[in-house]
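Comments concern the structure below.
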Amino acid sequence: MHQFDAIAGGWDAVCSESGSHGVLRLTAFRRVERLPGATAPPAHVVTYRCHDGCGGEHRLLMSSEELDWLPIATGFAPHFDLMTGRMAHDPDAGLDLWWRAMRRGRWPVTLACEHHPTPVPAWPSCLRALEPDAEPDGRWFLVHFTCPLCERPGSQVMRPQALELLPRAA
């Protein structure tokens, strides 16, 4: 099982080529394929670009629980709290931030399905492919997805910030 780092906004990952450890953010995903068969929980093969190690593409087996629920349910690990100047540990802080953000309509991922008049709240397992633009700083992604409401395929252009799995307060 892969752990999710709530402060960094990504899963733990180890490069199979170099052995280096890093954080796997949603913007590193290239393809998400649901495997046939298992439905409780569904399993997915995630192909991602290795930013911390070799720069190549790797494949990772993840459950829907790891993709969709860990980013929300994971509490903050012990961290340095800049407000108090001390080490802090609040295991419910991450869940509370996500709960408040989702109540205001800020979901982990929001997709624009052409079959719905308003943005559709979604999860990382709804994504099918992420294609970064050719610019070196990667300012845009063409995101292919399956709408969680009508199950039709769709595509949209998104900024990397829209794919960050961090609760946004405002």
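Just so you know, in region 66-94 the residues that are in contact with a helix residue (DSSP H, G or I) (Cβ under 9 Å, 6 or more places away or on another chain) and surrounded by fewer than 17 Cβ atoms within 10 Å (Cβ to Cβ) include one that is modelled with the highest pLDDT, and it is Ala73.
Annotation note: of Leu142, Leu97, Leu163, the sole residue that is at pLDDT 85 or above, buried (at least 17 other Cβ atoms within 10 Å of the Cβ), within 21 Å of Arg25 (Cα to Cα) and hydrophobic (A, V, I, L, M, F, W, C) is Leu163.
Tell me, which residue of region 1-53 that is of a type in the set (S, T, N, Q) and not in a strand (DSSP E or B) is farthest from Glu65 (Cα to Cα)? Here the answer is Ser18. Residues of region 24-46 that are modelled with pLDDT of 90 or more and more than 18 Å from Val109 (Cβ to Cβ): Leu35, Pro36, Ala43, Val45. Among residues of region 41-65 that are exposed (fewer than 15 other Cβ atoms within 10 Å of the Cβ), those with a Cβ under 9 angstrom from a residue that is in a strand (DSSP E or B) and among the acidic types (Asp, Glu), sequence gap 6+ or separate chain, pair up as Val45/Glu33. Residue by residue through region 29-40, note down the ones that are among the β-branched types (Val, Ile, Thr) and surrounded by 15 or more Cβ atoms within 10 Å (Cβ to Cβ). The answer is Val32, and nothing else.
The values are calculated or read from the model by the stated rules, or taken from the named source; none is laboratory data. What you are looking at is a predicted structure, and each value in this text was computed from that prediction instead of being measured. Cβ sites come from the backbone with ideal geometry, for glycine too, and all protein chains shown count toward neighbours.
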